[in-house]
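A short write-up of the structure that comes next.
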Amino acid sequence: MALIRLDKLLSNRTSHSRSEIKGVLKKGCVRVDGVTECRGDCKVDPDVQEITLNGKPLVGQSHVCIILNKPQGYICATEDRMHKTVLDLLPKELRVKGLFPAGRLDVDSTGLVLLTDDGDLAHRMLAPKSHVPKYYLVKLTRPCRPEDAARLAQGLELGDGTKCLPAEAKALEGVKNYALICLHEGKYHQVKHMFAALGNHVETLHRVAVGGMFLPEKLGSGACIEVLHKDVENMLKSGNFGSVYERIVTNFSSYLINAGQ
Ligand code: URA
């Protein structure tokens with residue numbers, strides 16, 4: 001994990017104000033690996049160092065990671081004047097300071113959103129050069145044909161000339177007009193624009209996985225669970241189209257219910 005300033009960590013993990021944090025540091029109430037530390041600008045790694053305040057380890061020392069099943073009508077932002085945000089769906093005890101959605105789903109899209117206070121993790125998950133695959137279960141107006149999948153696999157050009165990276169897609173066996181599509185980048189409204197370029201239309205879009213991180217089948221629409229930071233790190237490294245496809249086909253009805261469809 002990236003290093004973080006000690007005063008910032010204390011601010012994230014406690015209810016103390018900035019001036020109170022200055023005070024507790026000055027008084028020698030904070031220890032890093034057993035040694036009193038008074039400098040707020042000292043860089044620490046809470047995943048490997050033990051940080052105590054008044055002799056007690058900081059609660060939730062490492063970063064928070066939450067998987068949310070976003071319903072329609074909520075936006076992926078920390079505040080908004082028009083819509084409710086995904087933060088409004090979290091129970092109070094999980095609403096720690098600095099939490100934000102890592103990546104966006106449209107207001108009418110549903111499914112997996114990772115919320116974290118770890119900017120570094122979010123960057124690694126979203127940066128185009130990381131190529132972390134994102135999987136979407138889509139309901140289309142007409143079927144995704146093998147020739148559509150072939151064009152997506154070549155790297156589609158959108159109506160406005162934007163070139164997309166190759167994407168994998170396959171119609172869901174035995175379920176009319178549903179398909180799984182996997183992207184390795186995240187342009188604005190990308191899935192909708194890609195199917196539009198193929199003369200199709202996305203009626204509903206539900207994100208089911210990012211890398212090897214799945215939306216749990218039992219997580220209802222609007223529900224969330226806290227997951228371990230190290231598990232998220234590991235999950236981002238794994239996952240492949242074939243295994244995600246099999247899992248979606250096997251659990252299709254759960255995904256539909258949890259997408260609110
Ligand atoms: N692509 C879209 O078009 N919408 C989303 O919400 C996510 C990917």
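Annotations for the structure displayed:
- Total residues in the stretch 72-87 satisfying the condition of being within 16 Å of the ligand (Cβ to nearest atom), surrounded by fewer than 19 Cβ atoms within 10 Å (Cβ to Cβ) and not aliphatic (A, V, I, L, M): the figure is 5.
- Residue within the stretch 35-43 that is at pLDDT 95 or above, touching a Cys at 6+ places or on another chain (Cβ under 9 Å), farther than 21 Å from Thr116 by Cβ and not in a helix (DSSP H, G or I) present: yes
- Only a single item in (1) away from the ligand (no atom under 16 Å from the Cβ); (2) within 24 Å of Gln154 (Cα to Cα); (3) under 15 Å from the mean Cα position of the chain (by Cα) is not met by Ala223, and it is number (2).
- Looking only at residues in the stretch 193-209 that are more than 11 Å from the ligand (Cβ to nearest atom) and of a type outside the set (A, V, I, L, M, F, W, C), the one that is surrounded by the most Cβ atoms within 10 Å (Cβ to Cβ) is Asn200.
- The single condition among (1) crowded, with 19+ Cβ neighbours inside 10 Å; (2) closer than 21 Å to Cys76 by Cα that Glu185 does not satisfy is (1).
- Evaluation of Met213 against (1) crowded, with 18+ Cβ neighbours inside 10 Å; (2) more than 27 Å from Glu93 (Cα to Cα); (3) more than 11 Å from the ligand (Cβ to nearest atom) (one fails), failing number: (2)
- Selected residue [surrounded by 13 or more Cβ atoms within 10 Å (Cβ to Cβ), of a type outside the set (Val, Ile, Thr) and in contact (Cβ under 8 Å) with a residue 24 or more places away in the chain] from Arg13, Arg95: Arg13
The values are calculated or read from the model by the stated rules, or taken from the named source; none is laboratory data. Quantities reported herein were computed from a predicted structural model and do not represent experimental measurements. So basically every Cβ, Gly included, is an ideal-geometry build from the backbone, and we count neighbours across all protein chains shown.
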